[in-house]
Amino acid sequence: MKPPAWRRYLRFWKPDVAADLDDELGFHLEARIREYLDQGLTLEEARAATYRRFGNVAAVRRACAAIDRQAEERQQRRDRWDELRQDLRYAGRTLRHQPGFTFIAVLTLALGIGATTAIFSVVNGVLLRPLPYAEPDRLVRLFTAFRGSGEERYAMSQPEFMDYKGLTRVFENAAAFTGAGLTLAGDGEPERVRGIAATPDLFPVLGITPARGRGFEPHDGRTGVEPVVVLTHEFWQARFGGDPTLLNGMLLLNGISRRVVGILPPGATLEGAQAFVPHYINPDSLTGRATNYLRGVARLRPGVTVAQAQAELNRLTRQIAEQYPGTYPAGMGYGATVIGMREEMVGDVRPALLILLGAVGLVLLIACANVANLLLARGETRQREMAVRLALGGSRGRILRQLLTESTVLALAGAAGGLLFAGWGMKTLFAVNPDAIPRLELARIDVTVAAVTFGIAVLTGVLFGLAPALHLVRTDLQAGLKEGTRGGTVSGRGQRLGRGLVTGEIALAVVVVIGAALLIRSFWSLRTSDPGFEPEGVLAVDLALPPARYDVEAASRFYQQLVERLGALPGVTAAAAASDLPPAAGGMNWDIAIDGRPLAPGEASPSPHIRAVTPGYFQVMGIATLRGRFLTAEDRRGSLPVAVLNETAARTIWRGADPVGQRVRFDSKLPWITIVGVTRDVKSMGLGAPAPAELYLVHAQLPEVAGDTERTMYGVLRTAGDPALLSAPARAVVHELDPQLAVISIRTMHDMMDLSVAQPRFTMLLLGIFGAVALALAAVGIYGIMAYAVRRRTREIGIRMALGARPGDVLVHVVGQGMRLALLGLGAGILAALAATRLMNRLLYGISPTDPLSFGAIILLLAATAFLASWLPARRAVRVPPTAALRVE
């Protein structure tokens with residue numbers, strides 16, 4: 001059937017490929033039928049012959065339709081790309097002709113996008129980047145727990161590790177390790193190497209195959225077997241230049257010649273170790289259950305969850321506690337903890353990083369609101385352009401796409417600048433706080449981060465460009481053509497949109513700035529809290545004596561000579577040595593027995609932290625004695641074993657009684673130790689943590705009361721001047737005593753305190769910067785909208801003043817408009833901040849998330865900023881003479 005002729009006219013409205021195809025096929029069929037009719041065939045014969053010759057009409061129709069659709073799609077794609085090229089060229093010309101607007105908009109976006117990129121790169125490196133091990137989600141960390149004292153992650157003893165490893169229903173394999181400070185001696189000055197002593201199964205558990213050589217074998221670490229070492233790729237490259245002949249060569253570590261049997265692949269390590277040495281645990285002669293020094297890592301069996309492994313460990317430890325009631329009394333709360341390896345590594349920093357990511361997102365929204373306001377103000381001069389384009393037949397959808405292309409070009413330019421800002425900012429932050437966040441070295445601007453950055457740019461381009469673009473394309477045609485001759489006016493809808501954006505900016509800024517203020521106050525409270533000692537003028541020299549060269553007698557003699565020589569340096573007023581130093585001491589808990597006070601059934605033994613010190617330590621550190629006396633030079637080997645407690649130990653262990661004169665010991669085979677004094681509490685576990693119960697022992701008496709001596713010690717000295725000036729003389733003293741000994745570090749006590757608060761300082765610094773940027777952007781937003789409003793109302797202000805209005809009244813009226821916006825934003829921001837800051841509770845020290853001082857100070861600051869940003873353009877307007885204002889069009 002021939003289609004009606006009127007269908008042809010529909011092509012002017014919209015292409016109809018199917019109808020065109022039907023027309024074309026119908027034409028060919030009718031032409032062929034007419035040919036057969038002319039040859040004398042009947043109509044039925046002509047049609048039959050035509051269809052036989054033509055073939056399957058439906059198939060031909062489908063093939064032709066497919067060809068037509070493909071051609072149409074190709075044409076549409078070409079049209080779209082042509083439109084995009086036109087829009088990009090037009091956007092480039094438009095932005096190039098307005099360099100001031102372009103510069104401010106790109107700079108604003110670069111700040112927001114750059115901050116977002118920097119924080120996302122940190123989050124990507126620390127939280128999202130996979131661990132450098134095979135199937136890392138199956139890796140877990142193992143700890144002993146003493147829940148009676150709140151210890152959930154405590155070191156394991158050898159028997160405990162073997163117990164946990166035996167849970168083959170949940171663990172495919174397990175390994176144990178402990179820190180091993182290694183001194184590399186050879187050519188030049190001895191070098192300290194971060195080491196780990198691990199059981200032979202460590203690399204198989206982690207899924208690491210050495211890139212060169214081999215890992216540990218089951219017999220490595222046993223007495224009589226050649227000592228070996230495995231190096232990381234990074235240490236091999238940095239220290240030995242990737243020398244291939246080092247494999248199977250010898251290194252002198254801690255006085256022991258070890259053969260290098262393996263080099264790990266790039267990026268493979270554990271807890272930042274540079275070298276691994278074997279640690280053999282003999283299952284036939286395990287050390288005591290109370291000797292806890294091992295850390296564990298295990299690989300779960302496929303399909304086993306962390307919760308299932310924890311349930312198995314709970315069942316096992318209950319059985320062990322029943323089997324060894326003397327070792328694990330009920331009051332101790334003995335158990336075990338299993339936690340995912342990634343969670344153990346970064347779980348503590350995750351809240352801080354997510355809060356920073358949220359804060360930087362708010363800063364980006366503020367930047368978007370600012371640029372949207374700039375586009376609204378710029379739109380005033382483009383209303384006539386939009387009206388002309390609409391009058392000439394341009395569609396609103398086409399104009400909208402072109403305006404969004406302009407905003408996206410701005411955003412992409414901001415993203416390019418943001419990448420530069422992010423790279424510079426990350427280098428600066430890493431230089432200031434390199435150890436603040438675990439795995440921070442993995443944070444980098446790579447392809448993933450760059451792709452996310454430009455994705456954010458496109459999203460923000462649409463976000464801040466959509467509202468101004470919609471406002472412009474809704475321009476009334478007649479009004480735009482008339483009013484365009486005077487530069488245009490902005491409708492009430494546009495004014496409300498601009499004011500709403502500014503109000504939103506202020507509300508978001510309140511949340512960010514109050515969060516920054518809380519962290520700054522918290523950090524200040526933490527940093528200025530009383531640590532219990534006097535850090536001024538104290539220098540600490542960190543040393544570790546290799547057991548292969550220092551037996552008990554030699555270690556005691558070395559530290560005695562070290563203290564004497566440090567004390568003899570010019571300007572030094574006192575010197576001593578200690579096994580740990582606050583404010584991040586760590587240390588070991590040892591069970592003690594109290595003379596004359598047997599334990600009740602199920603009662604756990606007191607377990608204070610043990611510190612080994614030399615006489616003079618309390619004077620060097622400025623730790624006051626509350627009762628009794630200090631340790632003195634008379635307290636030496638062979639004399640009456642003595643110790644000093646801190647006030648927490650006296651209060652919790654002796655329950656208010658005077659411990660001076662009481663006696664304690666660690667084992668029934670060891671001598672009693674007499675308590676001779678009680679000192680002030682020292683924040684040895686961190687400035688934000690309460691002081692634990694501590695027992696200070698005389699270092700020279702350790703072999704008598706504990707069976708061994710401490711070889712890893714700090715030499716500490718006090719001077720009236722700058723302690724940093726004594727770093728070189730102190731290092732020289734160490735090398736005079738032992739040229740093969742490496743100095744781990746030399747730091748002032750202030751540096752050690754700063755290091756202990758590196759993570760909160762990192763968070764505070766970043767959020768403080770974001771708060772300052774948010775405050776500045778909000779101030780610019782208020783100033784921009786008020787300056788724009790005043791400029792529009794210059795003629796009105798001139799008429800008011802010509803009719804007798806006083807400048808002060810006009811000033812109050814204009815400033816009042818800005819302050820109304822500010823008060824609305826402050827109100828909304830305070831409500832949002834009250835909810836948001838509760839998420840920061842874990843990051844705060846000494847203040848609450850709703851701290852009235854912080855809220856009040858920030859409200860006043862933002863109100864003052866809003867007042868100033870409103871007052872400056874208002875003052876400029878009232879200074880314009882009325883005659884000049886009346887001439888403004």
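The values are calculated or read from the model by the stated rules, or taken from the named source; none is laboratory data. What you see is a predicted model; the values in this text were computed from it and never measured. Positions of Cβ are backbone-derived with ideal geometry, glycine not excepted, and every protein chain shown enters the neighbour counts. To get the accessible areas, we keep the full protein, side chains included, count just its heavy atoms, and leave off ligands, DNA and RNA. Shrake-Rupley method; radii C 1.70, N 1.55, O 1.52, S 1.80 Å.
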Working from the alpha-carbon coordinates of segment 601-650, get Rg over Rh, Rh being the Kirkwood radius.
-> 1.03
Scan around LEU182 for amide H atoms under 5 Å from its own, H built in the peptide plane at 1.01 Å from N, and keep only partners 5 or more places away or cross-chain.
-> VAL193, GLY195
Using the Cα atoms as the points, what is the convex hull volume per residue of segment 748-859 in Å³?
-> 141
Over the chain, calculate the relative contact order: mean separation of alpha carbon pairs under 8 Å at least 6 apart, over the residue count, as a percent.
-> 15
Send over the per residue convex hull volume for segment 118-214, Cα only, as a whole number of Å³.
-> 216
Could you state how much accessible area ARG611 has, in square angstrom rounded to the nearest 10, with a 1.4 Å probe and all protein chains kept in place?
-> 10
Principal-axis tilt of helix 57-96 within the chain, Cα atoms, nearest 10 degrees | 70
What's the carbon and sulfur percent of the chain's accessible surface, probe 1.4 angstrom, rounded to a whole number?
-> 59
Accessible-area ranking of TRP590, TRP81, largest first, probe 1.4 Å | TRP81, TRP590
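Going from most exposed to least, what order do TYR714, TYR696 have by accessible area with a 1.4 Å probe?
The ordering from most to least exposed comes out as TYR714, TYR696.
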In whole Hz, the Karplus estimates of ³J(HN,Hα) for segment 419-427 (6.51, -1.76, 1.60; θ = phi - 60°; x where Gly or Pro) are 4, 5, 4, 5, x, 5, x, 5, 4
Förster radius 45 Å - calculated FRET efficiency between GLN319 and LEU354 (Cβ-Cβ, nearest 0.05) = 0.70
Give me the accessible area of MET162, 1.4 Å probe, in Å² rounded to the nearest 10.
-> 60
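Could you compute the FRET efficiency for PHE103 and ALA772, with r as their C-beta to C-beta distance and R0 at 25 Å, rounded to 0.05? Don't skip to the end; give the middle numbers.
Values: r = 21 Å, r/R0 = 0.83.
Calculated transfer efficiency: 0.75.
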Zone of THR178 (label point 7 Å along Cα→Cβ, backbone N under 14 Å): which residues in segment 185-211?
-> 196-199
Placed amide H near LEU142: partners under 5 Å, 5+ positions off or other chain | GLY296, VAL297, ALA298
Cα-derived Rg over Rh, computed across the chain with Rh taken as Kirkwood radius = 1.13
Segment 661-792 - Debye-derived log10 I(q)/I(0), Cα point model, q = 0.09, 0.18, 0.19, 0.20 Å⁻¹ = -0.56, -1.21, -1.24, -1.26
Overall form of segment 551-662 per C-alpha gyration tensor (a/c, 1.5; a/b vs b/c) = prolate
So, in Å, what gap is there between the alpha-carbon centers of segment 812-857 and segment 297-315?
-> 46
According to a simple spin-label model (label point 7 Å from Cα along Cα-to-Cβ), what is the distance in nm between ASP137 and GLU234?
-> 2.6
What Rg and what Dmax come out for segment 52-97 when only alpha-carbon atoms are used, in angstroms?
-> 19.8, 67
Sites matching trypsin sites (Lys or Arg not before Pro) across segment 137-209 that sit in DSSP coil, with at most 16 neighbouring C-beta atoms within 10 Å = ARG169
Column: log10 I(q)/I(0), Debye, Cα scatterers of segment 537-590, q = 0.16, 0.23, 0.30 Å⁻¹ | -0.61, -1.05, -1.22
Under a point spin-label approximation (7 Å from Cα along Cα-to-Cβ), what is the GLU35-TYR293 distance to one decimal in nm?
-> 10.2
THR573-ALA71 pseudo-label distance in nm [points 7 Å out on the Cα-to-Cβ vector] | 9.8
Quote the FRET efficiency, to the nearest 0.05, computed for LEU43 versus ARG398 with a Förster distance R0 of 30 Å and r equal to the Cβ-Cβ distance.
-> 0.05
Of the GluC sites (Glu not before Pro) in segment 507-564, those whose Cβ has at most 13 other Cβ within 10 Å and which sit in DSSP loop | GLU536
Tell me, in nm to one decimal, what length is gained between ALA59 and VAL812 on full extension, where the rule is 0.36 nm per residue of separation less the Cα-Cα distance?
-> 263.1 nm
Write down Rg/Rh for segment 227-274, rounded to two decimals, with Rg from the C-alpha atoms and Rh from the Kirkwood relation over Cα pairs.
-> 0.94
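How much length is gained on full extension from ARG875 to THR632, taking 0.36 nm per residue of separation minus their Cα-Cα distance?
Extra length from ARG875 to THR632 when fully extended: 80.1 nm.
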